[in-house]
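Since every read-out is calculated from the coordinates, none of them should be taken as a lab result. Please read all numbers here as calculations on a predicted model, not as lab measurements. Methodologically, a virtual Cβ is constructed for each residue, glycine included, from the backbone with ideal geometry; neighbour enumeration extends over all protein chains shown.
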Amino acid sequence: MNNTITLKSGWIKLDKEELEHLRRNIRQIYESEGGNKPFNSHLPNYDELRHFIRYKLNELKKNENLYIKISGQITNDLVPGCTFFKDLFYTKRNAESAQFQEYNIDICYLYAFGKTRIEYRSELKKISAEVINTIPMPRLTVILSSTLNNMFEAEKIKLFLHDKFKINTETDIRNSISFSKGSLNELYQNLQSDSYVFSLISRDYLQNEQCIKELNEFLKNNLDKYIQNTIHIILKDLYTGDFNIFESLGRSELIKYWMLRYEKLEENYKLLKSVQKNQQFFNVLRKELDETKLILENIHKLIDFIRDNKYSILYDILISKIDDYESFVKLLPVKESPIKIDDTLETTYKRIKIPSNNDPDKPEFPPEPFYKPSYPASKTFKIEVPHFENVFMKDESTNPTGTHKDRMAWEVVIKYKTLIESLKYRRQDNLPQMSIISSGSAAIAIQHLFNLFKIPTKLKVLVDKNLNKQIKESIKKIGCEIYEYDLSKKLLTSEEIKELTQNKNGIDITYREVLDPTHDNYYDWMSYEIIREKPEYCFIPFGTGDLFINVLNIVKIEYFYSFASKHDPRFFSDIKTLKNCHFLGASTKNPDSLMDKLYSSFLPSIEKFKNYIQELKNEYACVGSKTDIYYVDEKFIYEAIKIADKQNITYEPSGLAGLALLLQMKNQINPKSRILIVNTGKTRSVDDLLIFSNSFR
C-alpha cells in the first residue's frame, strides 16, 4: 500500500523559538551523519546538508513506500535550495519571526523529526498533555503580589497558572490595607516551604512610595529570604517605552520622577516653614520629605536589584513561552542546601574576595592576594604641555597588565565567582565559556586574571583577520583561544560572535551580556578616581565608549544624589565643579590610524551614546557644554607622542588620544584651566605576565 504526504505551497510564519528548535535538530542530525560545514553566508556550505536531506527523503520513501507531493504534484527534487538554508540559518537567524514556503519547512521537519510540521507538533502537544497529567502537580501556593493598578495582569497570571499547571494562587495588593497580606515582614514570615511570591514589578510599583519604602526596608535584613522565595514578573511598561529599566534613558526617567517629586515636596516644605502655620501638616510633610529623600538615595540600587535578579521573567515571556512544567520549575528559586563542588573550584571561589562595594578604605582593585588594592588604584601627576599651565595625567599603565582593561577583567572574575556559586545550586552543570571581540588589551587582561585565580576556562577571542601577528601570538600565548574574521564585513550579533568562536552555549561579553555599561558598577571605581581630580576639562580615549559613558553615568548619579544631600563614599568632588566640567571623548574614524585600538568598523551604540550626552547637557545640565565625542586629526597624535616620550610616559598611541585632542583644541581652551588627561596605558609583555602568574603556582 502506498502512503502519500501532500505538502502545501504558500507562506508560513514561524516564531523564533520554533525556528531555533528546528535549526538545532537539523544541525544535530546533520552532524551525526558526518556533516561539519559552517552555516554562514557562503551558499556552497549548504550543498552537503542538501545532499544528506535528499538521501534521508529517499530512505523514507523507500522504507515506508511513501510518495511526497507538493500541491498534489510529485516533484523530482524536493530538497530546498541553498538560498532557503542561508535565510533559515544565517540571514534570518536573529529575527523574532520569519516567513518561509510551507513545503520547505515541512521538508526540514521530515529530515529532523521524520514527520511533517503538523504531525510533529500535534504529537508533541499530546505527549505534553500526557506528561502533565501523569506528573504529580506540585503542591505549590503562589501569592500574586501587585499594586491595585496591576490587578488585570495579576488576574491573567492567575488564570495561566491554574489552566496550565493547576496551581492555586492567593492575592496580595501591596498598596491596599484591605487586600494585602499585611506588611512584607508578615507576608514572608507566614510563607510555607511550598509557597512562593510572584511579585509584579511595574512602573506603577516603582513610583509607589509605600511599595518602594517597604521593599527597601525589608531587603536590609531579609535579602536571602526574599531571594529564595520571590520571582519578579516584570511588566511591559518596564521593558518597553520611555521607562525601560534595561536601558539607561528609561532608568533615568524613573529616577527623574523621584527627583521631581522630592523637589516639589521640598518647595512646599520651605513655604510652609516660612509661614510657620499648621504644625501637624508641617510634621507630616517633613516625614514624607525624609522618606522620599531615602527613596531617591536608594532607587539606583533597587532598579539594579530588580533587573539583575536571576529569578526574574518578563510578563510576555511567562504568558506566551512557558509551555511545560519543566520550564516552569526552572523559574522557581532554589530553597535546597548547596551541594559540594570540586575542591579546585571551591578554592577559586574563596580566593576571589571583594572587600567592599564602595568603601574607599576597603578598595577591591587591583585584586588581592596577587596585588595590593588601593584607592586611587592608579596615580595622577602633572605633565608639561606647551601653552597650558595645569595639565594632569591619570596613568593606567601601572595596572597589572598595563591598561585600564584590567578593571574590566576584574568585573569578569567577579562574574565567575557568581557562576561558580550557581553550580552549588544545580543551576548549571559546568562553567560557561566567554567570548569577546578584542584587539588584544582586553583579552590579555581577562586571561591573565583567569590564570592567576585558576579559573578553569579559556577566553574565546575573535580578532580581525588583519590584526598584527605579534598581538595574535601574545593572545594565544597567554592562554586564549583565538578565532579570526573580517570584522569590517558586518556588525556581528552576540549569537554570531558565539558561533564564530565555537561557543554556542556560552556568554558573549563584547556587547556586555555580563558587563552592562549602563550599570553604575562598571568601571565605577575608576570613574570616581577621575572625578575626584575636579577637572574643568577631562579628556578620555573613546574606543567602545564604555569608560567614557560610565564616567558620565557616575556624574549623573552623583548629580541626583545631590538632591538628597548624600553621595557615594568614593565621591571626593563637588557638584558645582562637576556640572561645569567638560568631558571629551577622543576617537578616530581613520582605519589606518596610529590609534588603532580606538577604530571600529561598527559601533552599534554610538547613536544612543550621543543621545545620552545631549540629555545630560540639555535636560539635566549636569556636565559642561563641550561634553561630546570628538575625532582626532592624525597629525596631533604625533605631537602627543613627542610630549609623552620627552617625559618618559608609558603609553601606546591609542592611550594618548586625549592628549592629542587637547592639542587639537588648543585655541578653544583657557590655558589656565585645570585639565585631566586619561592615559589608558600600554599592554605589558605576555612573557612577563606568565612569569608573574607562574610564581603563584
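Across the alpha-carbon atoms of the stretch 203-276, the computed radius of gyration and Dmax are 16.1, 50 angstrom. Spacing of the modelled spin labels on LYS270 and ASN222, each 7 Å from Cα toward Cβ, amounts to 3.8 nm. Each label point was placed 7 Å from the Cα along the Cα-to-Cβ direction; for LYS576 and ASP688 their separation is 4.4 nm. Relative to the Cα centre, the charge distribution of the stretch 402-510, modelled as +1 at Lys and Arg Cβ and -1 at Asp and Glu Cβ, gives a dipole magnitude of about 260 debye.
When a/c reaches 1.5 or more, the comparison of a/b and b/c decides; with that in mind, is the stretch 3-132 rounded, prolate or oblate per its Cα gyration tensor? Here the stretch 3-132 falls in the rounded category. Couplings for the stretch 385-401, taken from phi via the Karplus curve 6.51 cos²θ - 1.76 cosθ + 1.60 with θ = phi - 60°, read 10, x, 5, 10, 9, 10, 9, 10, 10, 8, 9, 7, 5, 8, 5, x, 9 Hz in order; Gly and Pro are left as x.
Summing +1 for each Lys or Arg and -1 for each Asp or Glu among the other residues whose beta-carbon sits under 10 angstrom from that of PHE39 gives +4.
Take the convex hull of the alpha carbons in the stretch 141-331; its mean projected area over all directions comes to 11.8 nm². Taken about its Cα centre, the stretch 583-655 carries a charge dipole of roughly 120 debye when the Cβ of each Lys and Arg holds +1 and the Cβ of each Asp and Glu holds -1. Ordering LEU219, PHE696, PHE305 by the projection of their Cα atoms onto the charge dipole of the chain, which places +1 on the Cβ of Lys and Arg and -1 on the Cβ of Asp and Glu, puts PHE696 at the extreme positive end.
Grouping the Cα pair distances of the stretch 402-510 into 5 Å bins from zero gives a pair-distance distribution of 2, 12, 23, 24, 20, 11, 5, 2, 0 percent in increasing distance order. Summing Lys and Arg as +1 and Asp and Glu as -1 over all other residues whose Cβ lies under 13 Å from the Cβ of ILE143 gives a net charge of -1. Based on the Stokes-Einstein relation at 20 °C and a viscosity of 1.002 mPa s, and on the Kirkwood radius from alpha carbon pairs, the chain is assigned a translational diffusion coefficient of 74 µm²/s.
Relative to the compact-globule estimate of 2.2 N^0.38 Å, the Cα radius of gyration of the stretch 557-661 comes out at 1.30. In loop segments of the stretch 358-408 as defined by DSSP, the GluC sites (Glu not before Pro) with at most 14 further C-beta atoms inside 10 Å of their C-beta are GLU384, GLU389. Near the amide H of ASN175, within less than 5 Å, lie the amide hydrogens of LEU148, all on another chain or at least 5 residues away, with H placed in the peptide plane.
What whole number of Å gives the distance from the Cα centroid of the stretch 23-91 to the Cα centroid of the stretch 451-491? Going from one Cα centre to the other spans 34 Å. Among the trypsin sites (Lys or Arg not before Pro) within the stretch 296-351, those in coil by DSSP and having at most 16 neighbouring Cβ atoms inside 10 Å are LYS310, LYS335, LYS340. Identify, among LEU584, TYR511, SER474, the residue whose Cα sits farthest towards the positive end of the charge dipole of the stretch 471-598, taking +1 on the Cβ of Lys and Arg and -1 on the Cβ of Asp and Glu, with the dipole about the Cα centre. After comparing all options, I get LEU584. Summing charges over all other residues whose Cβ lies under 9 Å from the Cβ of THR683, with Lys and Arg as +1 and Asp and Glu as -1, gives +2. For the stretch 78-86, putting each phi into the Karplus relation 6.51 cos²θ - 1.76 cosθ + 1.60 with θ = phi - 60° gives couplings of 7, 6, x, x, 4, 4, 4, 5, 5 Hz, in residue order, rounded to whole numbers and with x for Gly and Pro. With R₀ fixed at 30 Å, the C-beta to C-beta distance from SER176 to ARG286 puts the FRET efficiency at about 0.70.
3J(HN,Hα) along the stretch 585-590, derived from phi through the Karplus expression 6.51 cos²θ - 1.76 cosθ + 1.60 where θ = phi - 60°, amounts to x, 9, 9, 9, 9, 8 Hz, with x in place of Gly and Pro. Summary value for the chain: 9 percent relative contact order, contacts being C-alpha pairs under 8 angstrom separated by 6+ residues.
Which one, ASN25, ASN390, ASN94, is farthest towards the positive end of the dipole of the chain when Lys and Arg carry +1 and Asp and Glu -1 on their Cβ? Farthest along the dipole direction, towards plus: ASN390.
Between the stretch 190-220 and the stretch 381-417, how many Å separate their Cα centres? Distance between centres, Cα-based: 41 Å.
Beyond 30 Å in Cα-Cα separation lie the following of the pairs LYS264/LYS415; LYS156/LYS608; LYS498/LYS610: LYS264/LYS415; LYS156/LYS608.
Computed extension gain for ASN667 through LEU491, at 0.36 nm per residue and net of the alpha carbon distance, reaches 59.6 nm.
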